[in-house]
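Enquirer: Structure below; questions to follow.
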Amino acid sequence: MPPDTHRAIHAVWRLESARLIAGLTRYVRDLGIAEELAQDALVAALEQWPSAGVPNNPGAWLMTAAKHRAIDHLRRVERHGRKHVELGHVLDVQQDAPAAVLDAALDDDVGDDLLRLVFTSCHPALSSEARVALTLRLLGGLTTQEIARAYLVPEPTIAQRIVRAKRTLADADVPFEVPRGPALAARLSSVLEVLYLIFNEGYSATSGDDWMRPALCEEALRLGRIVAGLMPDESEVHGLVALMEIQASRARARVGPGGQPVLLAEQNRGLWDRLLIRRGLAALERIDALGGARGPYAIQAAIAACHARALTPEATDWAKIAALYGTLYQLSPSPVVELNRAVAVAMAEGPAAGLAIVDTLVDEPALARYHLLPGVRGDFLFKLGRFAEARAELERAASLTRNARERDLLRDRVAACDRALAGESK
């Protein structure tokens with residue numbers, strides 16, 4: 001297959017697969033079957049486009065191919081006596097003219113179908129790992145190989161997660177719908193959590209040799225923008241998008257020439273993407289226009305905005321950031337939030353004030369294996385001149401992290417402690 005044709009098919013699939021699967025799921029009432037039908041359309045493209053050429057409207061071509069396969073599927077269901085009651089009110093599958101009915105049905109409510117697919121992929125009946133894998137597969141159009149490579153896990157593991165997720169949804173008879181009323185808030189939080197998990201894994205990889213995985217950040221941001229467009233009146237959706245936009249703006253400055261991490265205070269702010277920052281700030285403005293109190297994602301976005309507005313590290317309003325973390329803790333009590341507040345307090349009031357907060361967290365079970373706790377504590381101790389204690393903490397942090405780049409950074413800090421101790425002994 002010519003490389004250009006292969007790239008075109010891949011690009012079209014990434015753009016159109018979610019729409020195809022969403023429209024098909026609404027009518028075949030089975031997520032797994034819908035994906036199979038969409039994949040069949042992709043196979044047809046792989047077979048025909050290299051010789052016939054890429055069509056002028058490739059998305060429409062795929063949709064037409066998927067419709068034909070859906071019709072064939074529904075006819076087989078009827079022929080074999082497995083007629084589904086839920087299909088009866090949607091399609092009267094007749095031999096003479098089901099195509100016109102299906103055409104109208106699949107072309108209707110595309111936005112609603114995508115939203116239904118978002119809520120189905122992120123259903124809380126699934127584990128967080130399964131939700132992430134299924135979302136990247138169905139909404140991102142990523143292959144199992146691409147997802148496995150991004151998360152540094154074996155491809156069969158990802159494939160198994162996706163298969164089990166589909167089976168769980170089918171066994172639980174999860175409706176293909178957007179929940180209403182009080183159930184919406186609970187389900188929406190699951191959707192946002194999945195997008196944030198994907199973004200965070202790209203922003204600060206938990207394991208492997210790379211400090212960042214930009215493709216995951218880009219995918220989470222793309223999906224977040226889609227959800228924001230589909231749910232324009234939900235302020236927390238805009239809050240998450242604002243947070244991701246502003247955080248993503250630092251991507252080029254967070255990695256050095258050799259792939260090494262560059263911490264916030266040392267970043268070249270001229271490399272920050274001002275367009276992404278403006279988009280993030282605009283999303284925050286939309287939240288304010290909607291009225292009401294800011295939620296956790298919006299508050300985190302406001303914290304990120306404090307950094308984005310500061311042209312130099314010295315211009316950062318750390319007192320405001322510390323106050324925002326205090327507000328965030330009230331909404332979402334978490335030792336990780338308190339650890340972040342300690343960093344802000346240390347920057348505003350000095351390392352001793354930050355250390356006092358961190359010392360209240362050392363016995364927190366949730367942070368027992370969290371490398372940033374000894375990492376932050378070691379940083380405060382170093383700044384206070386307590387180099388031996390700092391070294392022990394930084395050594396522990398290096399032993400806990402699973403990211404090679406971060407481990408190297410922490411070991412550099414350990415070496416700085418050694419130099420400081422050697423200087424004291426002279």
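The values are calculated or read from the model by the stated rules, or taken from the named source; none is laboratory data. As the structure is a computational prediction, the values presented were derived from the model and not from experiment. Using ideal geometry, Cβ is built from the backbone for each residue, glycine included, and neighbour counts are taken over all protein chains shown.
Enquirer: Just to be sure, is A41 more than 26 Å from D171 (Cβ to Cβ), in contact with a Lys or Arg (Cβ under 7 Å, 6 or more places away or on another chain) and either of a type in the set (A, V, I, L, M, F, W, C) or not in a helix (DSSP H, G or I) (or both)?
Expert: yes
Enquirer: From (1) surrounded by fewer than 22 Cβ atoms within 10 Å (Cβ to Cβ); (2) of a type outside the set (S, T, N, Q); (3) touching a helix residue (DSSP H, G or I) at 6+ places or on another chain (Cβ under 9 Å), pick out the condition that doesn't hold for P333.
Expert: That leaves (3) as the condition not met.
Enquirer: Sticking with this structure for a sec: Which members of the range 236-285 meet the condition of being surrounded by 13 or more Cβ atoms within 10 Å (Cβ to Cβ), small (G, A, S), part of a helix (DSSP H, G or I) and over 18 Å from the mean Cα position of the chain (by Cα)?
Expert: A253, A282
Enquirer: Counting only residues that are farther than 11 Å from L117 by Cα, in a helix (DSSP H, G or I) and charged (D, E, K, R), which one in the range 1-38 is farthest from the chain's Cα centre (by Cα)?
Expert: This residue is D4.
Enquirer: Against the condition more than 33 Å from the chain's Cα centre (by Cα) and at pLDDT 85 or above, how does Q48 come out, does it pass?
Expert: It is true that Q48 is more than 33 Å from the chain's Cα centre (by Cα) and at pLDDT 85 or above.
Enquirer: Considering only residues of the range 202-220 that are hydrophobic (A, V, I, L, M, F, W, C) and within 21 Å of V262 (Cβ to Cβ), which is surrounded by the most Cβ atoms within 10 Å (Cβ to Cβ)? Give the derivation first.
Expert: Pass one, the range 202-220, residues hydrophobic (A, V, I, L, M, F, W, C): 205, 211-212, 215-217, 220.
Then drop every residue that is not within 21 Å of V262 (Cβ to Cβ), which leaves 205, 211-212, 215-217.
On the way: A205: 22, W211: 21, M212: 19, A215: 14, L216: 24, C217: 20.
So, considering only residues that are hydrophobic (A, V, I, L, M, F, W, C) and within 21 Å of V262 (Cβ to Cβ), the one surrounded by the most Cβ atoms within 10 Å (Cβ to Cβ) is L216.
Enquirer: Taking helices (runs of 4 or more DSSP H) that fall entirely within the range 106-174, which contain at least 3 residues that are surrounded by fewer than 23 Cβ atoms within 10 Å (Cβ to Cβ) and at pLDDT below 90?
Expert: Counting at least 3 such residues, we get 110-121, 144-151.
Enquirer: Exactly one condition in (1) under 21 Å from E36 (Cβ atoms); (2) at pLDDT below 85 is not met by P182; state its number.
Expert: Among (1) under 21 Å from E36 (Cβ atoms); (2) at pLDDT below 85, P182 violates only (1).
Enquirer: Would you point out which residue out of E177, E219 is within 17 Å of the chain's Cα centre (by Cα) and acidic (D, E)?
Expert: Numbers: E177 fails: within 17 Å of the chain's Cα centre (by Cα).
After applying the criteria, what remains is E219.
Enquirer: With the structure loaded, tell me whether G385 is closer than 26 Å to R407 by Cβ, in the same structural domain as E424 (by TED's automatic domain parsing) and either out of contact with any helix residue (DSSP H, G or I) (no Cβ under 9 Å at 6 or more places or on another chain) or loosely packed, with under 15 Cβ neighbours inside 10 Å (or both) or whether it fails that test.
Expert: yes
Enquirer: Continuing with this model, one more query. At pLDDT 85 or above, aliphatic (A, V, I, L, M) and in a helix (DSSP H, G or I), is that true of L197?
Expert: Numbers: at pLDDT 85 or above: yes; aliphatic (A, V, I, L, M): yes; in a helix (DSSP H, G or I): yes.
Judged against the criteria, L197 is a match.
Enquirer: Pull up the range 1-38, narrow it to residues that are over 14 Å from L169 (Cβ atoms) and hydroxyl-bearing (S, T, Y), then point me to the one that is surrounded by the fewest Cβ atoms within 10 Å (Cβ to Cβ).
Expert: Per the stated criteria, the residue is T5.
Enquirer: Give the number of residues within the range 397-416 that are surrounded by fewer than 19 Cβ atoms within 10 Å (Cβ to Cβ), in a helix (DSSP H, G or I), of a type in the set (D, E, K, R) and touching a residue at least 24 places away in the same chain (Cβ under 8 Å).
Expert: Summing the residues that are surrounded by fewer than 19 Cβ atoms within 10 Å (Cβ to Cβ), in a helix (DSSP H, G or I), of a type in the set (D, E, K, R) and touching a residue at least 24 places away in the same chain (Cβ under 8 Å) in the range 397-416 gives 1.
Enquirer: Across the range 344-367, which residue is modelled with the lowest pLDDT among those that are farther than 18 Å from E389 by Cα and either charged (D, E, K, R) or within 25 Å of the chain's Cα centre (by Cα) (or both)?
Expert: In this case the residue turns out to be A366.
Enquirer: When the residues of the range 244-262 are filtered to those that are in contact with a helix residue (DSSP H, G or I) (Cβ under 6 Å, 6 or more places away or on another chain) and charged (D, E, K, R), which remaining residue is nearest to E193 (Cα to Cα)?
Expert: E245
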